[in-house]
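I have placed the structure first, in the form of structure tokens, so that the comments after it can refer back to it.
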Amino acid sequence: MTTKTAPQNVIKRINELRDQINHHNYLYYVLDNPEIPDAEFDKLFRELQTLEQQHPELITPESPTQRVGAKPLKVFGEVKHQIPMLSLANAMDEEEVRNFGRRVADTLEQSDAEHIEYTAEPKLDGLAISIVYHDGRLFQAATRGDGFTGEDVTQNVRTINSVPLKLVGRDYPQILEVRGEVYMPKAGFVALNEKQQAAGVKTFANPRNAAAGSLRQLDSSITATRPLAMYCYGVGRVEGATLPERHSDILQRLRQWGLRISPEIKTVHGITGCLAYFAEISKRREKLDYEIDGVVYKVNRIAQQEQLGFVSRAPRWAIAHKFQAQEAMTQVVGIEVSVGRTGALTPVAKLKPVDVGGVTVSNATLHNEDEIERLDVRVGDTVVIYRAGDVIPKVDRVVSSLRPKQTKKFHMPKKCPVCDSDVERREGEAITRCTGGLFCAAQRKNSIKHFNSRRAMDVDGMGDKLVDQLVDKGLIHNAADMYSLDKEQLAGLERMADKSAQNILDALEKSKSTTLARFIYALGIRDVGEATAQALATHFGDLRGLMKSNEEALQQIPDVGPVVANSIVKFFQQPHNREVIDKLIKAGVHWPKVAQITTEAAPLKGKTFVITGTLSIKRDELKARLQSLGAKVTGSVSKSTDYVVVGEEPGSKFDKAEQLGIAILDEAAISKLLKKAEQ
Ligand code: 5U1
């Protein structure tokens, strides 16, 4: 409907929309740093288009609807596109694709629309590029810019490996302009961001921005280090040769000349064929090596393309069928910290529910403290949420222009939000962890399962499923609680007869008699494996000594460095962990006294051992016992080896030991030596 005099509120809204669109075009095209999701931009654009259609008298040549993209950056030379690089009309759903198909069939006066040939191609989320070859040699490369004038990025494009500097064969046109998309493969994007982060410089929000930022570098030696690639999807100016009559055949010809064409391009019939292609590629989208934001359908016969022609900014013979947006904008109403099974603290943004690609999202992971710092996300912020496939949605960026006044920076808590134990974050690591492993409800199941495992307390029959049931029913909260279970409680569980309940009680009773090394290992202290547990047991001789020790003293023990020492001290500092240990000892868990061997008096100090072949004692256990007696255990035999311990079916180390005349100990001999040394 056209009204001659537009109301003031319409004029005001049109001006607002133009300002906003110009601002976002600048962020997107010039700074390669979009603030809002594409879908939000499309909404603004469509609203402006609708208002301008209703009030055509208000259209000005400067309106963003009257041009494609943004002006080129002045620092690059300008390139005039002899044939404008137009954009594509979008179809947001099947209905819009079917409308496109009907328009095509009507204009071509085709009664059988399903007969019309189309090509269907992935729509890469990169940067449109024009590359001109003169006599087969790369002459000039330019970005699309505003569609009529682009930026001269020849030097940068020359660094992209998939762009040939010289065409292959002889029958190429004298002048050939190919058009396509420069993009950054997903793996390359992840690697680049890791590199940027390590160097403490800006990371990119997504592969498209990374591609754009890399291509529009002023220094082409930087572009050369970026993992850019290109696919061609069409031609512009062609002089001195005639090209085939179908788009698909033109692409094949480009391939013969050495240009890269997507292997995913297919020829299909009718809109039914187009939609089947869309469904098929949607399923494989996540597995593709590059990001795509939709599919492009093009009428395949060039004669039909010419018949269809163009309308304002776009050809009538092609359309981009966009995937549902994977991004959406919403507000952060809170930031909570969750604790995982392994004690890792993960900050989670609580969101005003928002639809992202057909799924309602109300939480998004913020990963870790570094990520929060990088995003500077705060409660009250408007954020862009990104969801790919089945992965947990993440906060992609903060829309800083919409930040309310008086927001506060978020900091990770100092105490575990589940059990109130201290949290720790090691130097060089991104994850913050709870140190209350034995007690923390979030880690409960994991820590009890580890406690029961064969090489720890070896509670026979107490499998993972049983632990899950006991914890879920609230019958146990930590490992010590298992020793207070009675037969009735156990027999009341699923698939548990009286006999099996009694077997579990017997196994628990049996497990009370253990070794100090096994007990230390069973506590599940971070970084304390069997070998370290053994070394701690032999060094301290009893648990109290270990619990009271400090980092300095711990580091005197072979194999205990500053990181492990810190984990041990932190673990025993937690009152809740100590409570559980006291309860275990009160329940009757005990071990024989261990002969204490201090490092200075270690009987095997200075001796080097190598182990080869199969022994009845576990290799790790033997290694730990030797180390706790001061010996060094290495992996290869040399002149400095003192003993080679040889089990069944020894390897070449045995032969080498014989050649070098090194003392060989069989199982009986090493057992005797250990017994004597440990006395
Ligand atoms: N795959 C593909 N992407 N893409 C983008 N084809 C294709 N064609 C385009 C654009 C802008 O434009 C022509 C149809 C003119």
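Rule-based calculations on the coordinates, nothing more; no lab input. For clarity, every value in this text was computed on a predicted model and none was experimentally measured. All Cβ positions, glycine included, derive from the backbone under ideal geometry; neighbour counts span all protein chains shown.
Residue by residue through segment 37-46, which ³J(HN,Hα) values in whole Hz follow from phi under the Karplus form 6.51 cos²θ - 1.76 cosθ + 1.60 (θ = phi - 60°), with glycine and proline marked x?
Per-residue couplings from phi come out as x, 4, 5, 5, 5, 4, 4, 4, 5, 5 Hz.
At a Cα cut-off below 20 Å, give the lysines reachable from Lys607, other chains included and same-chain residues fewer than 8 away excluded.
Lys623, Lys632, Lys639, Lys653, Lys656, Lys672, Lys675, Lys676
Put +1 on the Cβ of every Lys and Arg and -1 on every Asp and Glu Cβ in the chain; which of Ala456, Ser638, Cys434 then has its Cα farthest towards the positive end of the dipole?
Working it through, the farthest residue towards the positive pole turns out to be Ser638.
Using r as the Cβ-Cβ distance of Arg426 and His269, and R0 as 56 Å, what FRET efficiency do you calculate, to the nearest 0.05?
With R0 = 56 Å, the Cβ-Cβ based efficiency is 0.40.
Fewest Cβ neighbours within 10 Å first, please rank His367, His321, His477 accordingly.
Least crowded to most crowded, the residues run His477, His367, His321.
Counting other Cβ atoms within 10 Å, which trypsin sites (Lys or Arg not before Pro) in segment 528-594 have at most 10 and lie in a DSSP loop?
Sites meeting the loop and neighbour criteria: Lys593.
Can you give the FRET efficiency to the nearest 0.05 for Arg341 and Lys510, using r as the Cβ-Cβ distance and R₀ = 35 Å?
It comes out at approximately 0.80.
Please give the contour-minus-distance gain from Ile11 to Ala187: 0.36 nm per residue of separation, less the Cα-Cα distance, rounded to one decimal in nm.
58.7 nm
Among Ser220, Ser447, what is the fewest-to-most ranking by other Cβ atoms within 10 Å?
Ser220, Ser447
Neighbour counts of other C-beta atoms within 10 Å: give me Glu95, Glu181, Glu429 arranged from fewest to most.
Taking fewest neighbouring Cβ atoms as first place, the list is Glu95, Glu429, Glu181.
Each residue of segment 325-338 in order: what ³J(HN,Hα) in whole Hz does its phi give by Karplus 6.51 cos²θ - 1.76 cosθ + 1.60, θ = phi - 60°, with x for Gly and Pro?
Each residue's phi maps through the Karplus curve to give 4, 9, 10, 8, 10, 7, 10, 7, 9, x, 10, 10, 10, 9 Hz.
State, as an integer percentage, the relative contact order of the chain based on alpha-carbon contacts under 8 Å between residues 6 or more apart.
9
Testing the spin-label approximation: label points 7 Å from Cα along Cα→Cβ at Val563 and Ala497. State their distance in nm.
Each label point lies 7 Å from its Cα, and together they span 4.9 nm.
7 Å from Cα along Cα→Cβ at both Glu621 and Ala595: what's the point-to-point distance in nm?
Between Glu621 and Ala595, the simple spin-label model gives 1.8 nm.
Cα to Cα, under 20 Å, and not fewer than 8 places away if on the same chain: which lysines meet these conditions relative to Lys287?
Here the lysines satisfying the reach criterion relative to Lys287 are Lys123, Lys186, Lys266, Lys322, Lys394.
Under a cut-off of 20 Å between alpha-carbon atoms, report the aspartates and glutamates in cross-link reach of Lys415, not counting same-chain residues fewer than 8 places apart.
Glu336, Glu369, Asp370, Glu371, Glu373, Glu424, Glu427, Glu429, Glu579
Restricting to DSSP H runs of at least four residues, report the calculated mean residue ellipticity at 222 nm for the chain, -39500 (n - 2.57) per run over all residues, nearest 500 deg cm²/dmol.
So the calculated ellipticity at 222 nm is -10500 deg cm²/dmol.
Below 12 angstrom from the Cβ of Arg137, what's the summed charge of the other residues (Lys, Arg +1; Asp, Glu -1)?
Here the charged neighbours net out to +1.
What GluC sites (Glu not before Pro) does segment 214-319 have in DSSP loop regions with at most 12 other beta carbons within 10 Å?
Glu245
To the nearest 10 degrees, how steeply does helix 530-540 sit against the main Cα axis of the chain, on a 0 to 90 scale?
So the inclination is approximately 40 degrees.
Roughly how many nanometres apart are two label points built 7 Å out from the Cα toward the Cβ at Gln66 and Ala224?
In this crude label model, Gln66 to Ala224 measures out at 4.4 nm.
Report the FRET efficiency, 1/(1 + (r/R0)^6), for Glu579 and Ala198, where r is their Cβ-Cβ distance and R0 is 35 Å, rounded to 0.05.
Once the sixth-power term is evaluated, E becomes 0.25.
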